[in-house]
Amino acid sequence: MTARNADLTGAAGGTADPGDGDPLEAARVGRQVLDRTGTVVVGAEDPLRLALAAVLAGGHVLFEDLPGLGKTLAAKTLAQALGLEFRRLQFTPDLLPSDVTGSSIFNPATREFEFRPGPIFAGLFLADEINRTSPKTQSALLEAMAEAQVSAEGTTLPLRRPFHVFATSNPIEFEGTYPLPEAQLDRFLVRLRFGYPGPAGERDIIARRISRRQEETRVESVTTADGLLRLQAAVESVGVDDDVIDYAVRLTAATRSHPAVEVGASPRGSQALVLLGRALAVLDGRDFVLPEDVKDGAVAVLAHRLTLTPSSWAQGVAAETVVRDVLAEIPTPSTAPHG
Ligand SMILES: Nc1ncnc2c1ncn2[C@@H]1O[C@H](COP(=O)(O)OP(=O)(O)O)[C@@H](O)[C@H]1O
Ligand SMILES: [Mg+2]
């Protein structure tokens with residue numbers, strides 16, 4: 001089996017050394033990405049900043065919200081601003097794992113089977129309505145996300161670098177949906193919600209659509225796939241003080257002893273808190289993490305990693321509320337000033 005298009009499987013756009021990355025430069029690029037994305041997506045500054053931070057931290061993003069709130073638009077626009085090749089796949093009940101990953105096709109000319117890469121060989125892959133497809137297809141996607149590679153018919157192909165998945169899912173469990181199991185949910189660095197725009201935001205959405213005279217939107221790229229690798233390297237160069245690590249560990253541990261929680265967040269959760277905190281620091285032009293960075297990301301990082309007790313579930317307690325309780329309960333460390 002041969003990869004039909006080697007370019008699809010290697011690092012996109014050359015082999016530039018990502019280098020160390022400079023937090024100030026990274027913050028400048030990040031600001032531009034958010035500014036451009038904000039020219040198209042109205043009133044989603046917070047989720048977009050967290051989504052960008054998750055990408056800078058090398059992670060995947062779950063948008064959980066009702067249809068029609070701009071999730072697809074946000075993913076597509078961020079991909080454009082970041083210079084990543086965007087592919088979207090609608091997850092339906094009959095979707096097969098090979099529709100995601102690709103499959104081998106017999107080529108009569110060469111008399112060989114050739115691997116035809118699926119849409120997951122993209123820079124930013126949007127798995128739309130992931131909870132509408134079967135657990136088998138979900139797990140093929142999540143396996144590829146965890147391992148950054150696809151195994152098909154005895155061959156293993158690496159996915160692109162950078163490679164990010166944005167998935168959308170509907171918060172209401174309709175008939176015929178398959179909610180993601182907790183063990184797979186925590187493959188997503190963050191879960192974000194958009195919420196309804198205010199009336200002014202909604203008018204703005206309509207006004208912008210009228211003035212652009214077409215449905216299609218497009219923003220110019222601020223960077224490239226290689227540029228994104230440099231931003232990610234900047235995140236890797238951010239130091240973290242012991243008291244900030246300790247804070248992330250305490251917050252995560254407190255989710256495990258909260259009375260409404262059956263199973264709290266694992267060390268993958270505390271790790272994710274610090275990772276996202278480093279990316280938020282970079283977006284702020286700093287090379288060190290403040291406790292506020294951990295706080296800012298806590299709901300997005302931890303809420304989807306909690307299993308509530310059956311009784312608190314029945315009472316409609318939200319996992320977000322649990323994380324807010326924990327934030328209020330655990331004292332914020334006062335970090336020493338940095339030079
Ligand atoms: N926050 C928003 N900013 C700009 N346009 C929006 C926003 N929310 C919804 N829209 C518009 O509404 C439509 C639905 O958006 P879409 O991204 O497809 O929603 P979703 O993926 O959440 O179902 C699109 O035409 C989009 O232009
Ligand atoms: Mg959509």
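Evaluated against (1) within 16 Å of ligand 2 (Cβ to nearest atom); (2) at positive phi, Ala167 falls short on exactly one condition, (2). Every condition in (1) surrounded by 16 or more Cβ atoms within 10 Å (Cβ to Cβ); (2) within 16 Å of ligand 1 (Cβ to nearest atom) holds for Asp99 except the one numbered (2).
Close contacts from segment 203-217, counting a first residue that is surrounded by fewer than 12 Cβ atoms within 10 Å (Cβ to Cβ) and a second that is assigned to a helix (DSSP H, G or I), with Cβ to Cβ under 9 Å and a gap of 6+ residues or different chains, come to Glu215/Arg209.
Comparison of Thr137, Thr155 shows that the only residue that is buried (at least 21 other Cβ atoms within 10 Å of the Cβ), farther than 23 Å from Gln80 by Cα and of a type in the set (Val, Ile, Thr) is Thr137. Screening Glu220 with (1) within 30 Å of Gly285 (Cα to Cα); (2) out of contact with any Gly (no Cβ under 7 Å at 6 or more places or on another chain); (3) in the same structural domain as Val301 (by TED's automatic domain parsing); (4) not aliphatic (A, V, I, L, M) gives one miss only, at (3). Residues that are under 30 Å from Ala234 (Cα atoms), of a type outside the set (A, V, I, L, M) and away from ligand 2 (no atom under 11 Å from the Cβ) within segment 55-108 comprise Gly58, Gly59, His60, Glu64, Thr77, Gln80, Gly83, Glu85, Phe86, Arg87, listed in sequence order. Counting only strands (runs of 3 or more DSSP E) that sit wholly inside segment 148-253, those with at least 2 residues that are closer than 22 Å to Glu45 by Cα are 164-169, 190-192.
The values are calculated or read from the model by the stated rules, or taken from the named source; none is laboratory data. On a predicted model such as this, the values are computed, not experimentally measured, just so you know. Every residue, glycine as well, gets a Cβ built from its backbone with ideal geometry; the counts of neighbours run over all protein chains shown.
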